[in-house]
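Structure record follows, encoded as structure tokens.
Read-outs throughout are calculated quantities, based only on the coordinates presented, and are distinct from any laboratory measurement. These numbers were taken from a predicted model, which means no experiment stands behind them. Reconstructed Cβ throughout: ideal geometry from the backbone, glycine too, with neighbour counts over all protein chains shown.
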Amino acid sequence: MRFSLVDKVIALEAGRSITAIKTLSFSEEYLVDHFPGFPVMPGVLMLESLVQASAWLMRYTDNFRYSTILLKDARAIRFNTFVEPGQTLAITATIQKWQDAKCVLKGVGKVDGASAVNARLTLQGFNQSDTNQELTASDRRTIAKMRELFDQLWSPTKFRTSDS
């Protein structure tokens, strides 16, 4: 099962930062069990929303160079408040350092201006064809699918961007 924890990208500056939103709805499958009678977004999914937004920033900045972007490290994680159905988690990720295919970012998630989660993330981009040339076509398909999904999340004509 795959969770898309970014509903919309609302600001984007290549090589610098991204701001995205995730609105929690009662229809999220995991809320049935987390927690009955007190549904809240699990902390691990709050963190994953930071990772997903950060990965979109990396893809956009690097012109979708890598088919896969994975979390390598998460440090200084702080959970400060719950995210409940009907609330919107505003996610900001800012690049701190980028070397080769590895990127260190500061991620912050806020609800109504109050900090809900923050972390220092290290993400790594790669292509499967780096280790097996037979997977080149698979990389191309994955990159095409990521571009397609990104086009649904980001409408630069609706929002101002520092790149335009």
Original post:
How big is the C-alpha Rg of segment 8-153 next to the rule-of-thumb value 2.2 N^0.38 Å, as a ratio?
Top reply: 1.09
Subject >> Cleavage-rule hits (chymotrypsin sites (Phe, Trp or Tyr not before Pro)) in segment 1-56: DSSP loop, at most 13 neighbouring Cβ within 10 angstrom >> reply: Phe3, Phe26
**OP:** For an R0 of 45 angstrom, estimate the FRET efficiency from the Cβ-Cβ distance between Glu148 and Phe38 and round to the nearest 0.05.
**Re:** 0.75
Subject >> Packing-based order for 83-90, 34-41, using average beta carbon neighbours within 10 Å, highest first >> reply: 83-90, 34-41
Original post:
How much length, in nm to one decimal, is gained on full extension between Lys97 and Ala14, taken as 0.36 nm per residue of separation minus their Cα-Cα distance?
Top reply: 28.5 nm
Original post:
Gap in Å between the Cα centre of segment 5-30 and the Cα centre of segment 68-122?
Top reply: 11 Å
Original post:
Could you give the nm distance between label points at Phe79 and Glu134, where each point is 7 Å from its Cα heading toward the beta carbon?
Top reply: 4.2 nm
**OP:** Considering the options Val9, Pro85, Leu70, tell which one lies farthest towards the positive end of the dipole of segment 1-116, charges being +1 on Lys and Arg and -1 on Asp and Glu at the Cβ, about the Cα centre.
**Re:** Leu70
Original post:
Helix 43-61 sits at what angle to the longest principal axis of the chain, using alpha carbons and giving 0 to 90 degrees rounded to 10?
Top reply: 30 degrees
Original post:
Are any of the pairs Lys110/Lys145; Lys97/Lys145; Lys8/Lys145 more than 24 Å apart by Cα-Cα distance, and if so, which?
Top reply: Lys110/Lys145; Lys97/Lys145
